[in-house]
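The values are calculated or read from the model by the stated rules, or taken from the named source; none is laboratory data. Worth saying up front: this structure is predicted, and the values here are computed from it rather than measured. In this analysis, Cβ positions are derived from the backbone assuming ideal geometry, glycine residues included, and neighbour counts consider all displayed protein chains. Please note that ligands, DNA and RNA were not included when accessible areas were found on the heavy atoms of the full protein model with its side chains. Shrake-Rupley method; radii C 1.70, N 1.55, O 1.52, S 1.80 Å.
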Amino acid sequence: MASKASSMVYFFVLIGLTLLFSNNVYATDYDNYINVYELTNGKISIKVTNYGATLLSVTVPDRNGKLDDVVLGYPTIEGYKNDSTYFGGLIGRVANRIGGAKFTLNGVEYNLPANDHGNTLHGGTRGFSDVIWEVTSYEKNSHVSLHYHSYDGEQGFPGAVDVYVTYMIIGGNRLGLKMEATPLDKATPINLASHSYWNLAGHGSGDIFSHDIQLFASKITPVDDKLIPTGQIVPVQGTPYDFLQSRSIGSKFNELPSGYDINYVVDYVPNGHVHKVAVVQEPKSGRKMELWSNKPGVQFYTSNMLNDTLGKDGATYRRYGGLALETQGFPDSVNHPNFPSQIVNPGENYLHVMVYRFTAHH
């Protein structure tokens, strides 16, 4: 596994360097407009909008070659502007929750917007998924790169930060995301995440209970009744959270009436390389999705809050209609010194890599 991870990250770095020196398509005309950008290589196609750097769709074949969009989303961009589900959004400056909507850094207390039961969720009332990004480079068969400048004090966070995201098609069947951020003048917490909801049978095909999932994570960070971590890190063995061996999402759902919404501590060697986080398989279509990342946590969420949401192609998304796997730093890390730090200093670079590999099996 280590050799696979190493080769994968080196390939990713190579792709990144290639993009760095070949950004020859600058979409300056689109800086103040919202557009949709399609990437396709004939086997996989995705769509991204510069509103929220949002992933709108991912279309991949099933075992018979039938193409389906496997990402939940809205029928128009307007839906994303009034969104409370964060469909496909690029989440920041700090994804997940910050308890009490405040934290202290270098002796200064920072107060943030409280948009979730007295806590801050997904960057505040206007996080990175609610702003228009600048498209800096776009090649249809390769990648789309976006940039956002977050100003000092935005949503209460200290310091200005330049944020860069690249969606890229790698080889025949991989989707890569590279998220980078550079603080310009002050230390600040940074925890970017991609908030896509997946249904490998097709985005409007019902609940995800029959999906099999394996999570390479033997511990979780338990939470209180407001979904704020207690600070503990506990084993999953013998609990409904145990997906160390692949099993269906619905197999122990009766033990968790509210569904899954928890941060898993990924088992990996902390060397900065990408590591396998999860494998999801859908039996009817034969589709399989592997997820690799370089981050220490992954939020597994079974769309517990969906409620007859109008989606693409006339679909109605009901509760448990999709699953989210958000690789990330641990929630509320700014208030838990025992969690891996999310503080990034000026001169340092935040890097978050995700690679999805799609296959289909008979």
## Note on the structure
Mean-square fluctuation maximum in Gaussian network of the chain, Cα pairs under 10 Å, restricted to MET168, MET289, MET305, hits MET305
### Message
Springs between alpha-carbon pairs under 10 angstrom, Gaussian network model over the chain: which of SER258, SER205, SER194 fluctuates most?
### Response
SER258
### Task
Could you size up the charge dipole of region 74-174 around its Cα centre, putting +1 on the beta carbon of Lys and Arg and -1 on that of Asp and Glu, and report it in debye to the nearest 20?
260
### Query
Mind listing the phi-derived Karplus ³J(HN,Hα) values for region 284-301, rounded to whole Hz, using 6.51, -1.76 and 1.60 with θ = phi - 60°, and x for any glycine or proline?
5, 7, x, 5, 10, 10, 9, 10, 10, 7, 10, 9, x, x, 8, 8, 9, 9
### Query
Which trypsin sites (Lys or Arg not before Pro) from region 75-166 combine a DSSP loop assignment with at most 12 other Cβ atoms within 10 Å?
ARG126
### Query
If you add up the charges near GLY89, with Lys and Arg at +1 and Asp and Glu at -1, over every other residue whose beta carbon is less than 11 angstrom from its beta carbon, what do you get?
-3
#### Entry: Spatial separation of Cα centroids for region 156-226 and region 299-318, in angstrom
18
### Query
Roughly how big is region 176-277's charge dipole about its Cα centre, with Cβ charges of +1 (Lys, Arg) and -1 (Asp, Glu), in debye to the nearest 20?
200
### Message
Rounded to the nearest percent, how much of the accessible area of region 36-360 (1.4 Å probe, protein heavy atoms only) is carbon and sulfur?
### Response
48
### Per residue, in Å², the accessible surface of the chain once ligands and nucleic acids are set aside, probe 1.4 Å
41
### Task
Can you find, among TYR197, ILE46, PHE358, the residue farthest towards the positive end of the dipole of the chain? Put +1 on the C-beta of Lys and Arg, -1 on that of Asp and Glu.
PHE358
### Task
Count neighbours as other Cβ atoms within 10 Å of each site's Cβ, and list the trypsin sites (Lys or Arg not before Pro) in region 255-305 that are DSSP loop with at most 16 such neighbours.
LYS284
### Task
Please get the size of the charge dipole for the chain, origin at its Cα centre, with Cβ charges of +1 on Lys and Arg and -1 on Asp and Glu, quoted in debye to the nearest 20.
980
### Summary
Comparing ASP261, ASP313, ASP207 in a Gaussian network model of the chain (Cα, 10 Å), the one with the largest mean-square fluctuation is ASP313
### Query
If amide H atoms are built 1.01 Å from N in the plane of the peptide, which residues on other chains or at least 5 residues away come under 5 Å of the amide H of GLY73?
LYS312
### Query
Counting pairs of alpha carbon atoms under 8 Å apart in space and at least six apart in sequence, what relative contact order in percent does the chain give?
19
## Note on the structure
Of the listed links LYS178/LYS312; LYS102/LYS186; LYS43/LYS288; LYS66/LYS178, those spanning more than 22 angstrom between alpha carbons are LYS178/LYS312; LYS66/LYS178
### Task
Would you work out which of PRO340, PHE87, GLY321 lies farthest towards the positive end of the dipole of region 36-360? Charges go on Cβ: Lys and Arg +1, Asp and Glu -1.
GLY321
## Note on the structure
Any residue on another chain or 5+ positions along whose placed amide H is under 5 Å from the amide H of ILE34 is listed here as none
### Message
With only alpha-carbon atoms in the gyration tensor, what are the semi-axes of the equivalent ellipsoid for region 36-360, in Å, largest first?
### Response
28, 24, 18
